[in-house]
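Report on the following structure.
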Amino acid sequence: MPKSSFIIIEKSYLIRKGLISLIDKIPNTQTIQQIDQTDDLKALKKFDADFVIINSNLIHKELIKTLMEASDTFQLILLSEDNDSVPGLSWVEKIDLNESHNSILKKLNNAVGNKINSQAKTSTPDEISDREADILRNIALGYSNKEIADKLFISTHTVVTHRKNITRKLGIKTVPGLTIYAILNKLINIDDQSKL
Amino acid sequence: MADVIHLNYFSLAVLNRFGIKLGFGDKTVDEVCKQYKVDVDFFLEIVNTFVDKDYFPKKHLQTFPVKLITDYLQKTHNDYHNIKVPEIEYLIEKMIDSCFTQKDNIVLLKKFFNDYKQELQNHTRREEEVVFPYTLAIEKAYNSDTIDKSVIELMETYSIEIFQNEHDNIEEKLFDLKNIIIKYLPQPKDLKLCNKLLHELFSLEQDLNDHARIEEKVLVPKIREMEQIITERFSGEKKNA
């Protein structure tokens, strides 16, 4: 199971640190970035976070736009002093700055738990399927997405999706890395590869 | 200075890069830095960012001269090629020697790492031959009274933006290598070697991350700002002329 990752957008150093220490208490989570001002937004597109915790004071028009564009990649958690809602955005949880330790922890746990549950429904365990093994074999043999698509009578788009899933399941991103995996697991022979 | 190392021994790598040798007795950081002609402020910031990944005063780091920054980056490059990479190669070689059942697989790892080494070399060479000289030229122009036309021409052929866009993620392959060893490689007999190798890989990865952070958050913004000001000044001068 991949870790649930958090990005924290909050001006106050103390609050950021506090949130990180709370997140650390939940198993299988990590804070991948802290942002203290909203103009550092480029980072949001770059990082594949599951949750973004953001202080309501820092929300402005531009930010809402960016968040909306990226909204299917992560879920939002609001941090505020007076539980006001922000139009156009949906929050999985709202955390009040005056809330108690246990209550905040519970909310964070809820958010992470929901995500895991919905994932468990849609995806199988981290083992690659027969079809994915086919694709992987071809990647390891050095074929391009287009060639694989033609060979297996599927669209390039499907190949790309399979590749994404393979990378996610195995935790290996590069072609040479995938090749070694394929050899170790006897999907191809060392000799197959050196012929190319 | 001894306290610096006691506090976090990772700082040893930084001392090395500044050419500071051990055996400094009870001298303070300031005294040792003076002895080795090292800028003490810069040294302190680099040590602190290196040992604490949460500490990164990018605004302050951006105030240091480009030469100091690129010199340090250059030294980390040398470190990778002269110390870290050979150490990893040595460990892989030893694993091949000591293992009978996994030989073929470890030879694969060796080949993989060899390719990676090549990639790393290309990466650092490009920085040394193109990027660093460019940043120094920009700084020189920035500090001079009049803007020479050649600098403007230089900026037209290259800019720090290009560097930022082409600055690829050199850590990706390293990450894969780690994962293959941790998750998929049938365990070789000599676990100690395997652990040592992983330890070295993690340490190289962390070092590269620190290195990339200095480039992307300190060098790039600093040069970008200088480029802007140079362009503005140049067009201003043209109007006045």
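Every number in this text was worked out from the coordinates using simple rules, so none of it is lab data. If you're wondering where the values come from, they're calculated on a predicted model, not measured in any experiment. In this analysis, Cβ positions are derived from the backbone assuming ideal geometry, glycine residues included, and neighbour counts consider all displayed protein chains.
Odds and ends about this structure:
- Debye intensity ratio in log₁₀ form over the Cα atoms of chain B, taken at each q of 0.07, 0.16 Å⁻¹: -0.31, -1.16
- Mean separation of Cα contacts under 8 Å (6+ apart) over length of chain B, as relative contact order %: 24 percent
- Built amide H within the under 5 Å cut-off of A:Ile95, gap 5+: A:Leu78, A:Leu79, A:Ser80
- Remark: the range B:1-55 projects, on average over all directions, an area of 3.3 nm² (convex hull of Cα atoms).
- Measure of compaction for the range A:130-195 (Cα Rg per 2.2 N^0.38 Å): 1.01
- Both radii are taken from the alpha-carbon atoms of the protein assembly as shown; with Rh as the Kirkwood radius, Rg/Rh is 0.99.
- Averaged over the residues of A:165-171, the number of partner chain Cβ atoms lying within 10 Å of the residue Cβ comes to 2.
- Considering all different alpha carbon pairs of the range B:115-241, the Kirkwood hydrodynamic radius works out to 17.4 Å.
- Estimated FRET transfer efficiency when R0 is 41 angstrom, pair A:Asn98-B:Ser144 (beta carbons, to 0.05): 0.15
- With respect to chain B, whose longest principal axis is taken over its alpha-carbon atoms, helix B:132-143 is tilted by about 30°.
- Helix B:85-98 axis, angle to chain B major axis (alpha carbon atoms, nearest 10°): 10 degrees
- The range B:1-55: relative contact order in percent, alpha carbon pairs under 8 Å with at least 6 residues between: 38 percent
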